[in-house]
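Since the structure comes first, as structure tokens, the remarks are kept for the end.
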Amino acid sequence: MNSAALATTGYGDAQVALHDSRQTEYRAFAEATRRLCAADAANEDTTGGFAALAEALHDNLRLWTLLAADVASDDNELPQQLRARIFYLAEFTRVHSRKVLSGDAKVRPLIDINTAIMKGLRAGATDGGAA
């Protein structure tokens with residue numbers, strides 16, 4: 001195998017890994033968002049839906065905590081400005097989730113944020129992985 005073919009093969013593997021990573025992140029956000037939507041609807045319909053809402057909020061917070069830890073790492077290669085925005089969204093999600101649990105806020109902003117992240121992940125996957 002010549003050096004050009006070897007380089008192409010190596011780059012191709014990196015593209016697959018990046019694509020797989022985006023797909024994994026997308027699926028995690030899709031599942032968290034689906035659960036937030038379902039729990040929000042259940043909470044509105046019945047008094048017993050609060051437990052499902054608390055669990056969905058907790059799982060969504062775990063996802064955002066992992067993401068915040070990742071962008072705070074020195075090894076993260078995203079641009080600093082994007083890392084800061086993601087970290088801010090993680091902090092907003094934490095604070096807003098507490099307000100939802102105390103009845104002082106609605107779930108919808110968290111769903112909207114997750115949906116925006118999913119759109120960004122999907123767009124990044126279709127434009128060759130540019131973030």
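Where a number appears in this text, it was derived from the coordinates with a stated rule and is not lab data. This one's a predicted model, so the numbers in the text were calculated from it and none came from an experiment. Reconstructed Cβ throughout: ideal geometry from the backbone, glycine too, with neighbour counts over all protein chains shown.
Working note: Karplus 6.51/-1.76/1.60 with θ = phi - 60° gives the stretch 96-102 the couplings 5, 4, 4, 5, 4, 4, 8 Hz, where Gly and Pro are set to x. Amide H contacts of A105: V100, each under 5 Å away and 5 or more positions distant or on a separate chain (H built 1.01 Å from N in the peptide plane; Pro and chain starts excluded). Per-residue Karplus couplings for the stretch 56-61, computed as 6.51 cos²θ - 1.76 cosθ + 1.60 with θ equal to phi - 60°, are listed in order as 5, 5, 4, 5, 5, 5 Hz, Gly and Pro entered as x.
With the Cα gyration tensor of the stretch 41-99 giving a ≥ b ≥ c as the square roots of its eigenvalues, does the rule (a/c under 1.5 for rounded; else a/b larger than b/c for prolate; else oblate) give rounded, prolate or oblate? Here the stretch 41-99 falls in the prolate category. Out of the trypsin sites (Lys or Arg not before Pro) in the stretch 33-101, which ones are loop residues according to DSSP with at most 10 other C-beta atoms within 10 Å? Answer in residue order: no site qualifies.
Restricting the stretch 38-103 to GluC sites (Glu not before Pro) that sit in a DSSP loop and have at most 15 other Cβ atoms within 10 Å of their own Cβ leaves E77.
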